[in-house]
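The values are calculated or read from the model by the stated rules, or taken from the named source; none is laboratory data. No experiment lies behind these values; they were computed from the predicted model shown. For neighbour counting, all protein chains shown are included, and Cβ atoms are generated from backbone atoms with ideal geometry for every residue, glycine included. Heads up: the accessible areas ignore ligands, DNA and RNA and are worked out on the full protein's heavy atoms, side chains in. Shrake-Rupley method; radii C 1.70, N 1.55, O 1.52, S 1.80 Å.
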Amino acid sequence: MDTNVKKINPAEMDDGDFHLAVDLLKQGDVIGFPTETVYGLGGLINRPKAIGKIFEIKNRPTDNPLIVHISSFEMLNDLVDEIPPKIEILCKKFWPGPLTILFKKSINVPDIITAGLPTVAIRMPSNRIALKLINLVNVPIAAPSANLSGRPSPTTALHVYHDLHGKIPLIIDGGKCELGVESTVIDVEQIPPLLLRPGGLNYEELKEYIPKLSLIDDQIEDNVDTKKIIQKPSTPGLKYKHYSPNAYVILIEQPENMMNQVLKTLWLKYRAESRKIGIIHTHNNIELNQDVLQDSNTIIINLTSSDGDEQRDVDTKLVAQELFGSLRALDNKGADIILVEGVPYEREGLAIMNRLQKAASEIN
Ligand code: TXA
Ligand code: MG
């Protein structure tokens, strides 16, 4: 199968740009499309053939449910029997946007989408291409991230092409994803309400609207230790190995004053073994050692930011946006080992560290 890549400029698009995409979806095919978080692999929820293909193409375990993407509140009404008032407030505040909310599903949601669970995960993306596409087909679109299972999520059409060419007929290229990490997933019907997956919408921002919002394992004490989120699978997808490039990833989780020293020690070790080393450098206030910078067998991806008077230690927005692409780029350049400077567990940092913990084979 040939995989078409169709560029659409969200600032100048018209319905005609979507003809092929709409036809394919209505025929029960699946396509790649952009969202503000990562690219999705979408199929219409009322085409069982399409949903089956999503699992098959990604090589995704069938016990891992899919997120349903909507473009209007009318669509939501069909998917659920009731919208609890406390959830309605959140939808109104954060949709469209990178927030996925669990609802009790109505009979209109096929079991294959929810992996047999009584709940369905729903979000209304803010990406204009995604919204337009859902609007035009006028049926909700079930979509996981458009990567092969276990690989870093795709944040450009090229990443999707790399993983899925020959397996899908079309990828809509809407440019680089604005946020770069997947949506935040919450279940507010639990007591206390739970953050199942940290993501594009920051915990701190959500907490203003859901004061009791808890990270996994945080139910007993009020004293939030955000690191705990990563230790237990909270949502079916979290129990599988994730976000991994082929290279051996080492996450360096150290206070800023120790970071450079630990990085250098690891670098020396693998350098002595003649390994090709990739480094993802995130801390604005750390200057990499000259030996590291000048080594021809070391590839450095610099995610530090140079702007702003009130310089933060890490530009977590930038790191989130570039994280998956950086892991993929280092793979493509043949890195054997990837050393990543960990970031603080704040704002985008919570999602970044959650993904890195899962990508890493070793944490130092
Ligand atoms: O930003 C995103 O969320 C992207 C874009 C394409 O929208 N999608 C995405 O989908 O990341 P996926 O399939 O890669 O991740 C969906 C996550 C999985 O961890 C899955 O287990 C969880 O949502 N999930 C889906 N339905 C659920 C349910 N009923 N209960 C608990 N977790 C659920
Ligand atoms: Mg995924």
Problem - Quarter of Cα convex hull surface for segment 1-120, i.e. mean projection, nm² - result: 8.4 nm²
Exercise for the section: Excluding residues on the same chain fewer than 8 positions from Lys317, give the lysines whose Cα lies under 17 Å from its Cα. Expected result: Lys176
Completion exercise
The aspartates and glutamates whose Cα lies under 16 Å from the Cα of Lys212, excluding any fewer than 8 residues away in the same chain, are Asp187, Glu189, Glu204, Glu221, Asp222, Asp225
Handout entry: Sequence of His281, His19, His165 from largest to smallest accessible area, 1.4 Å probe
Key = His19, His165, His281
Exercise for the section: Pop out the ³J(HN,Hα) list for segment 85-94 in order, Karplus 6.51 cos²θ - 1.76 cosθ + 1.60 with θ = phi - 60°, rounded to Hz; leave Gly and Pro as x. Expected result: x, 5, 7, 4, 4, 5, 4, 5, 7, 10
Completion exercise
Taking the alpha-carbon centre of each part, the distance from segment 171-217 to segment 251-291 in Å is 31 Å
Fill in the blank from the handout: Ignoring ligands and nucleic acids, Phe18 exposes an accessible area, probe 1.4 Å, in Å² to the nearest 10, of 0 Å²
Exercise for the section: From zero up to wherever the largest Cα-Cα distance of segment 56-111 sits, split into 10 Å bins and tell me the percent of pairs in each. Expected result: 19, 51, 24, 6
Practice task
Please list the equivalent ellipsoid semi-axes of segment 140-224, computed as the square roots of five times the alpha-carbon gyration tensor eigenvalues, in descending order and whole angstrom.
Solution key: 33, 13, 11
Problem - Given Lys7/Lys358; Lys7/Lys132; Lys7/Lys276; Lys53/Lys92, the pairs whose alpha carbons are separated by over 26 Å - result: Lys7/Lys358; Lys7/Lys276; Lys53/Lys92
Problem - Structure-based [θ]222 nm, the chain - -39500 (n - 2.57) summed over DSSP H runs of at least 4, per residue, nearest 500 - result: -9000 deg cm²/dmol
Handout entry: 1.4 Å probe accessible area per residue over the chain, in Å²
Key = 43 Å²
Completion exercise
D (µm²/s, integer) via Stokes-Einstein for segment 272-364, Kirkwood Rh across alpha-carbon pairs, 37 °C, 0.692 mPa s: value 237 µm²/s
Problem - Farthest positive-ward along segment 1-80 dipole, Cα basis, beta-carbon charges - from Leu76, Asn64, Leu24 - result: Asn64
Handout entry: segment 281-293 - phi-based ³J(HN,Hα) in whole Hz, Karplus 6.51/-1.76/1.60, Gly and Pro as x
Key = 9, 10, 8, 4, 9, 9, 9, 5, 4, 4, 4, 5, 4
Handout entry: By accessible area with a 1.4 Å probe, ligands and nucleic acids excluded, highest first: order of Thr156, Thr265
Key = Thr265, Thr156
Problem - In sequence order, calculated HN-Hα J values of segment 312-323 (Karplus, 6.51, -1.76, 1.60; Hz; x Gly/Pro) - result: 8, 4, 9, 8, 5, 5, 5, 4, 4, 5, 9, 4
Completion exercise
Here, Lys317 and Phe73, labelled 7 Å along Cα→Cβ, have an inter-label distance in nm of 2.9 nm
Completion exercise
Residues meeting the amide H criterion for Ile300 (H placed from the backbone, H to H distance under 5 Å, 5 or more places apart or on another chain) are Ile279
Exercise for the section: On the full set of protein chains, 1.4 Å probe, figure out the accessible area of Arg47 and give it in Å² to the nearest 10. Expected result: 70 Å²
Practice task
Rounding to the nearest 20 debye, state how big the charge dipole of the chain is about its Cα centre with +1 on each Lys and Arg Cβ and -1 on each Asp and Glu Cβ.
Solution key: 1100 debye
Exercise for the section: Measure nothing fancy, just the Cα-based angle from helix 128-137's long axis to the longest principal axis of the chain, in degrees from 0 to 90, nearest 10. Expected result: 30 degrees
Exercise for the section: Would you please give the residues with an amide H less than 5 Å from that of Asn4, counting only those at least 5 places away or on a separate chain, with H modeled from the backbone geometry? Expected result: Leu170, Ile171
Practice task
Would you kindly state how much longer the chain becomes between Asn332 and His162 on full extension, computed as 0.36 nm times their sequence separation minus their alpha carbon distance, in nm to one decimal?
Solution key: 60.2 nm
Practice task
State, in angstrom, two size descriptors of the chain derived from its alpha carbons: Rg to one decimal place and Dmax to the nearest whole number.
Solution key: 20.6, 62
Completion exercise
So Lys86 and Glu208, fully extended at 0.36 nm per residue minus their Cα-Cα distance, gain in nm 42.6 nm
Problem - Cross-link reach list, aspartates and glutamates versus Lys58, counting only Cα pairs under 15 Å and skipping chain neighbours closer than eight places - result: Asp29, Asp163
Handout entry: Antiparallel bridges, percent of DSSP beta bridges restricted to the chain (to nearest 5)
Key = 40 percent
Practice task
Sort 332-343, 282-293 for me by packing, meaning the mean count of neighbouring Cβ atoms within 10 Å per residue, highest on top.
Solution key: 332-343, 282-293
Handout entry: Share of carbon and sulfur in the accessible heavy-atom surface of the chain [1.4 Å probe, %]
Key = 48 percent
